[in-house]
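Asks: Before I ask anything, let me first share the structure, which is written out below as structure tokens.
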Amino acid sequence: MVIGLVIHASHRSRFEAAARTLAGVTLEWVTYEREGEIGDRVSDLLDRRNVDGLLLGPVPYARARDVLPADLPVTVLRSAGLDLALAWCRALAEGWPATPVSIDTFDRETIDEVAYALDLDRSQISCLPFDPQQRIEDIVEFHRDALRTSGGAYVISVRTGVMDAFAGSVPVLSGLPGPATIRAELHELALRIQSKQANELRFAAGVFLITSPSPDLDRARVGLMNMLLNTPEFADCWIEDRDRRGVVVFAHRALFETVTHSWSSLPVLAQAQETLGVRVVAGFGIGASARTCVTLAERAAARAEQDVAPGAYLIEDSGLVIGPMGPAGTPLSFTYREHGADIEELARSVGLSPATLSRLTAIERSLNGRSVSPSDLATSLGITDPSGRRLIRKLSEHGLVVPEGSAQVNRKGRPTRLYRLAISGAHR
């Protein structure tokens, strides 16, 4: 398990001490001196290392949230009431009165709770809750106004920039999370990651059924099986006949989540309609055994058959039902219903299905010579980005794509490589 920690460089020793009790975890450190560095450094970590979770404070989270994957377990570390109470205890140890005082970043509820427990006058406490848009200059000005108005002797802050601004002029007591708070959040994040990984490895089954009338169901079923076998997403699945109308697929839950874009759509249904000319529905089941998974998947497929449009459902043994999932995806301008001998021969030499190669040829024609990124190609085919990159590599090995340089798609991150499809010329 790999957990990334995004912290100010001056706080590393505090976090190292808190993490000593965490076993079986590799820590990846992202340290910064200035807040403007955070986004790029987090992006670099995600590019070079596959992290299972991320721990970061409110400021780093606000600076890096745009580059964080949606499915990455993230814990935003916030100072707890204990940390604020300890700061007040340090003030009393210095001989300063508990109030008046100004405090930043803590929410009002935490301040009220601790002030009540310590029997402090809440009206003598100035509070500036955290706001992602706050500048250090604004927080410093808030504290200066509070000091002038109340005559307070010190401030409590969580921001390193505030401590630097008041250095040598006004005492600043740190309200940063202590080892106990950090340790508790790290252990909670590790347990959440373990639960997510265990859930992804649960056994699952999918049942794909041909529902449109077909003069030759056996041939349609074989075509459906071959289509799934040659779809990059299903490369690690076990696929076998269910009956004359369909097939059953066995895999881990995580694989099906990828195929269905987190149970939101199933593009392979549209692919079956386009390439095989048959209407297909699907059902997924997740349970404690293979038998339970198939039973639930059959129930889900039966429910999908009742809908007018092609779709899919998920049923878990917990009783959860998700659906309908539609055959979302970008429609193609061109497609090939019949595969000529040249397509068939080229597909065999490349190791792809004729249907996939036909779709790629259609995409090439629609691009009209323009280059495409692996991600854009994956979107057009209704597959994931990793599968799109694997497909590009396979096409490159057989000279069916030509590198066309790179482009900076996003303001942050590395440039994306571009390719020009060269399939049409290969089978003329």
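The values are calculated or read from the model by the stated rules, or taken from the named source; none is laboratory data. It should be emphasised that the depicted structure is a prediction, and the values quoted were computed from it without experimental measurement. Virtual Cβ from ideal backbone geometry, glycine too; neighbours counted across all protein chains shown. Quick note on the areas: whole protein, heavy atoms, side chains included, nothing else; ligands and nucleic acids left out. Shrake-Rupley method; radii C 1.70, N 1.55, O 1.52, S 1.80 Å.
Asks: So if we plug the beta-carbon distance of residue 1 and residue 375 into 1/(1 + (r/R0)^6) with R0 = 25 Å, what FRET efficiency do we get, rounded to 0.05?
Replies: 0.35
Asks: Could the peptides 290-297, 91-98 be put in order, highest first, of the mean number of other beta-carbon atoms found within 10 Å of their residues?
Replies: Ranked from most to least packed, the peptides come out as 290-297, 91-98.
Asks: Hey, what's the chain come to in accessible area per residue, 1.4 Å probe, Å²?
Replies: 49
Asks: Another question about this same structure. Ranked from highest to lowest mean number of other Cβ atoms within 10 Å per residue, what is the order of the peptides 52-63, 185-196?
Replies: The peptides rank, most packed first, as 52-63, 185-196.
Asks: Sticking with the crude label model, points 7 Å out along Cα→Cβ, report the distance from residue 243 to residue 291 in nm, one decimal please.
Replies: 1.9
Asks: Along the charge dipole of the chain, Cβ charges K/R +1 and D/E -1, which of 59, 43, 234 sits furthest on the positive end?
Replies: 234
Asks: Would you look at the GNM of the chain, springs on alpha carbons closer than 10 Å, and say which of 387, 150, 318 moves the most?
Replies: Checking each option, the largest mean-square fluctuation is seen for 318.
Asks: Per-residue ellipticity at 222 nm for the chain, helices alone: DSSP H runs ≥ 4 residues times -39500 (n - 2.57), over residue total, nearest 500 deg cm²/dmol?
Replies: Result for the chain, helices only: -13000 deg cm²/dmol.
Asks: So, R0 is 56 Å and r is the distance between the beta-carbons of residue 33 and residue 197; what FRET efficiency does that work out to, to 0.05?
Replies: Calculated value: 0.95.
Asks: Return a whole-number percent for the relative contact order of the chain, with Cα pairs under 8 Å and 6 or more residues apart as the contact set.
Replies: Worked out over the chain, it gives 10 percent.
Asks: With all protein chains present, how much of the accessible area of segment 171-301 (probe radius 1.4 Å) comes from carbon and sulfur, to the nearest whole percent?
Replies: Taking all protein chains in place, segment 171-301 shows 54 percent carbon and sulfur surface.
Asks: Tell me, what is the percent relative contact order of segment 1-141, built from C-alpha pairs under 8 Å that lie six or more residues apart?
Replies: 20
Asks: So how tilted is helix 385-397 from the main axis of the chain? Cα-based, degrees 0 to 90, rounded to 10.
Replies: Between the helix axis and the principal axis of the chain, the angle is about 50 degrees.
Asks: Then there is this: Roughly how many percent of the accessible protein surface of segment 66-160 is carbon and sulfur, given a 1.4 Å probe and a whole-percent answer?
Replies: 51
Asks: Using 5 Å bins from zero, what percent of all Cα-Cα pairs in segment 12-157 falls into each bin?
Replies: For segment 12-157, the binned pair fractions read 2, 8, 15, 18, 16, 14, 12, 8, 5, 2, 0 percent.
Asks: Here's another thing I want to ask about it. How big is the C-alpha Rg of segment 212-273 next to the rule-of-thumb value 2.2 N^0.38 Å, as a ratio?
Replies: Segment 212-273 yields a ratio of 1.14.
Asks: I would also like to ask the following. Percentage of Cα-Cα pair distances in segment 229-310 greater than 16 Å, rounded to whole percent?
Replies: For segment 229-310, the fraction of Cα-Cα distances above 16 Å is 55 percent.
Asks: Dipole of segment 6-124, Cα-centred, from +1 at each Lys and Arg C-beta and -1 at each Asp and Glu C-beta, to the nearest 20 debye?
Replies: Dipole of segment 6-124, to the nearest 20 debye: 280 debye.
Asks: Quick one: angle between helix 136-150 and the longest Cα principal axis of the chain, in degrees between 0 and 90, rounded to 10, please.
Replies: 30
Asks: Another one. Could you state the angle between the C-alpha long axis of helix 217-229 and the longest principal axis of the C-alpha atoms of the chain, as a value from 0 to 90 degrees rounded to the nearest 10?
Replies: 40
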